[in-house]
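Structure first, commentary second.
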Amino acid sequence: MARLTIINGRVIDPGNSIDEQTDLVLEDGKVASLGRVSKPEVSAGSRVLDASGCIVCPGLIDVHVHFREPGQEEKETIATGAAAAVAGGFTSVCCMPNTQPALDDDSRIEFVTRQAQRAGLANVYPIGAITKGREGKELAEIVLMAASGAVGFSDDGIGVASAGVMATALTYIAMTGKVLMQHCEDPELGGGSMNAGALATRLGLAGWPRVAEELMIQRDIMLNRAQGSRARYHVQHLSSGGSVELVRRARADEAGRVSITAEASPHHLLLTEESCATYDPNYKMNPPLRAQRDIDELIEGIKDGTITVLATDHAPHTLEDKQVEFTAAAYGILGLECALPLYIKSLIDTGAIDWPKLIEMMTVNGAELCGLTGKGKLNVGADADVTVIDPKQSWTIDVNQFASRSRNCPFDGWNVTGRAIATIVGGDVKLALDSGRVKGGDSSVCATGQALLQTVAV
């Protein structure tokens with residue numbers, strides 16, 4: 001495999017406490033060295049990527065995406081989802097099991113891995129279902145799926161409503177050492193079209209209260225504590241400020257030894273329920289957009305370490321699923337190809353956190369959460385997954401240029417700053433928006449998300 005030397009970049013590797021101007025050498029799919037290179041070789045078998053003015057970091061990781069395959073390939077496939085990931089700077093993603101059929105046995109877990117390998121773009125890791133068919137009644141084949149490559153378990157899209165089933169799931173998943181990722185929504189209180197409150201009443205839309213999320217978080221914390229807190233428990237897509245406080249208290253409870261983490265998504269950091277006043281279905285989310293005070297509390301949770309992971313909840317849908325009246329529309333939006341600048345806008349530009357903290361939440365924390373060996377760091381011998389970010393590049397989000405098969409994104413047309421200009425997976429340059437920065441080797445470097453689609457069978 002050819003050598004790739006990345007020169008002149010600001011290398012930020014939070015997992016190894018590195019933030020310095022230096023060079024990075026990748027060879028044979030691994031990190032070969034980190035440090036100044038006097039004369040980087042440029043030849044047919046050796047490339048040089050000039051990262052001047054850019055941030056060089058471990059490949060970005062998203063622990064929460066929906067790739068829809070098997071069963072809903074008209075929305076997304078593992079190949080088009082992996083292309084979207086690479087276009088957004090993500091080298092590794094974890095896909096949720098709410099496919100049709102659900103990823104609830106070892107053969108389906110293996111199917112995802114094979115499809116990802118066939119695509120040859122981002123690393124795609126499957127998350128297995130907690131219960132059979134995601135019906136919340138009977139545990140799925142937890143141990144077999146873990147042995148076949150599932151890196152975590154979730155019934156995402158649906159919360160496990162039964163306390164008894166959840167207690168059993170915590171016990172079994174703890175034995176595998178994997179993480180349980182919970183979609184926190186009490187089904188008797190959730191499921192509305194938007195955040196419950198005066199605006200929902202005025203718009204004539206069914207409300208979805210914060211307490212639907214908060215009740216399930218509190219219940220699961222208590223269940224896990226009662227069992228000795230053996231399971232690693234992760235709260236998906238936090239939307240409520242009250243939820244942040246529940247997680248904060250649990251993480252501070254050293255006596256209870258509660259192992260709990262949580263994630264936040266771009267839309268819950270930038271958009272409020274006011275967006276729903278247009279009745280545009282692209283603002284219909286699960287969980288819903290809430291109030292500015294919830295955004296403020298989510299950001300405070302990111303600042304103080306209560307929320308440890310940033311995840312897109314990339315949820316592609318067809319036009320037919322979205323271009324209907326608000327109450328009938330599907331929940332969710334695209335996230336992979338525009339997440340990075342949206343995080344920059346909500347967290348870096350506001351001064352909430354700095355670049356090392358942002359990179360930490362998008363790399364090493366996700367790798368540790370899902371046990372992704374060799375990912376999330378740039379130490380010698382680590383996998384050669386790298387993202388190069390131009391923090392000052394201004395551009396306009398254009399869904400028609402997305403590699404994703406779907407187009408449901410309310411950020412279409414937003415002017416943003418900051419972009420992944422190169423995505424490197426296993427030492428191979430999968431995306432380079434500025435091909436002039438790459439010298440040597442051959443010229444087979446994809447330039448856009450659309451170009452990435454030409455490299456895979458879609």
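Any residue at all in segment 203-217 that's assigned by TED's automatic domain parsing to the domain that holds Ala311, free of Cβ contacts under 8 Å to residues at least 24 places away in the same chain and surrounded by fewer than 18 Cβ atoms within 10 Å (Cβ to Cβ)? For segment 203-217, residues assigned by TED's automatic domain parsing to the domain that holds Ala311, free of Cβ contacts under 8 Å to residues at least 24 places away in the same chain and surrounded by fewer than 18 Cβ atoms within 10 Å (Cβ to Cβ): present. Would you pick out the residues in segment 399-408 that are out of contact with any Ser or Thr (no Cβ under 7 Å at 6 or more places or on another chain) and either in a strand (DSSP E or B) or crowded, with 16+ Cβ neighbours inside 10 Å (or both)? Once the filter is applied, which keeps residues that are out of contact with any Ser or Thr (no Cβ under 7 Å at 6 or more places or on another chain) and either in a strand (DSSP E or B) or crowded, with 16+ Cβ neighbours inside 10 Å (or both), segment 399-408 yields Val399, Phe402, Arg407, Asn408. Take the residues in segment 287-325 that are under 19 Å from Leu203 (Cα atoms) and in contact with a strand residue (DSSP E or B) (Cβ under 8 Å, 6 or more places away or on another chain), then tell me which one is surrounded by the fewest Cβ atoms within 10 Å (Cβ to Cβ). Among those that are under 19 Å from Leu203 (Cα atoms) and in contact with a strand residue (DSSP E or B) (Cβ under 8 Å, 6 or more places away or on another chain), it is Ala291. On the basis of being farther than 17 Å from Ala432 by Cβ and in a loop (DSSP other than H, G, I, E, B), does Val25 make the cut? Criteria not met by Val25.
Determine whether segment 377-391 contains at least one residue that is touching an Asp or Glu at 6+ places or on another chain (Cβ under 8 Å), at pLDDT below 95 and not assigned by TED's automatic domain parsing to the domain that holds Leu271. No: segment 377-391 contains no residue that is touching an Asp or Glu at 6+ places or on another chain (Cβ under 8 Å), at pLDDT below 95 and not assigned by TED's automatic domain parsing to the domain that holds Leu271. Name the residue that is modelled with the lowest pLDDT, counting only residues in segment 30-41 that are surrounded by 13 or more Cβ atoms within 10 Å (Cβ to Cβ) and not basic (Lys, Arg). Among those residues, the one meeting the criterion is Glu41.
Where residues in segment 340-375 are of a type in the set (A, V, I, L, M), touching a Phe, Trp or Tyr at 6+ places or on another chain (Cβ under 8 Å) and not in a loop (DSSP other than H, G, I, E, B), which of them is surrounded by the most Cβ atoms within 10 Å (Cβ to Cβ)? So, considering only residues that are of a type in the set (A, V, I, L, M), touching a Phe, Trp or Tyr at 6+ places or on another chain (Cβ under 8 Å) and not in a loop (DSSP other than H, G, I, E, B), the one surrounded by the most Cβ atoms within 10 Å (Cβ to Cβ) is Met362.
Listed by first and then second residue, the pairs linking a residue in segment 291-307 that is β-branched (Val, Ile, Thr) to a residue that is in a loop (DSSP other than H, G, I, E, B) and surrounded by 21 or more Cβ atoms within 10 Å (Cβ to Cβ), with Cβ atoms under 8 Å apart and 6 or more places separating them unless they lie on different chains, are Ile307/Leu238.
Scanning segment 250-275 for residues that are at pLDDT 95 or above, surrounded by fewer than 24 Cβ atoms within 10 Å (Cβ to Cβ) and over 22 Å from Ser193 (Cα atoms) yields one hit, Thr261. From the list Asp104, Asp62, the one residue that fits, being acidic (Asp, Glu), under 12 Å from the mean Cα position of the chain (by Cα) and not in a helix (DSSP H, G or I), is Asp62. Buried (at least 23 other Cβ atoms within 10 Å of the Cβ) and among the polar types (S, T, N, Q): does that describe Ser154? For Ser154, the condition - buried (at least 23 other Cβ atoms within 10 Å of the Cβ) and among the polar types (S, T, N, Q) - is met. The set of residues from segment 409-450 being at pLDDT below 95, loosely packed, with under 15 Cβ neighbours inside 10 Å and not hydroxyl-bearing (Ser, Thr, Tyr) comprises Gly436, Asp442, Ala447, Gln450.
Let's see how each residue does on (1) assigned to a loop (DSSP other than H, G, I, E, B); (2) within 18 Å of Glu337 (Cα to Cα); (3) among the hydroxyl-bearing types (Ser, Thr, Tyr):
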residue	(1), (2), (3)
Asn8	no, no, no
Asp19	no, no, no
Leu49	no, no, no
Arg68	yes, yes, no
Val93	no, yes, no
Thr99	yes, no, yes
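The values are calculated or read from the model by the stated rules, or taken from the named source; none is laboratory data. Since we're looking at a predicted model, the values are computed, not measured. Because the Cβ atoms are built from the backbone with ideal geometry, glycine has one as well, and the counts that use them run over all protein chains shown.
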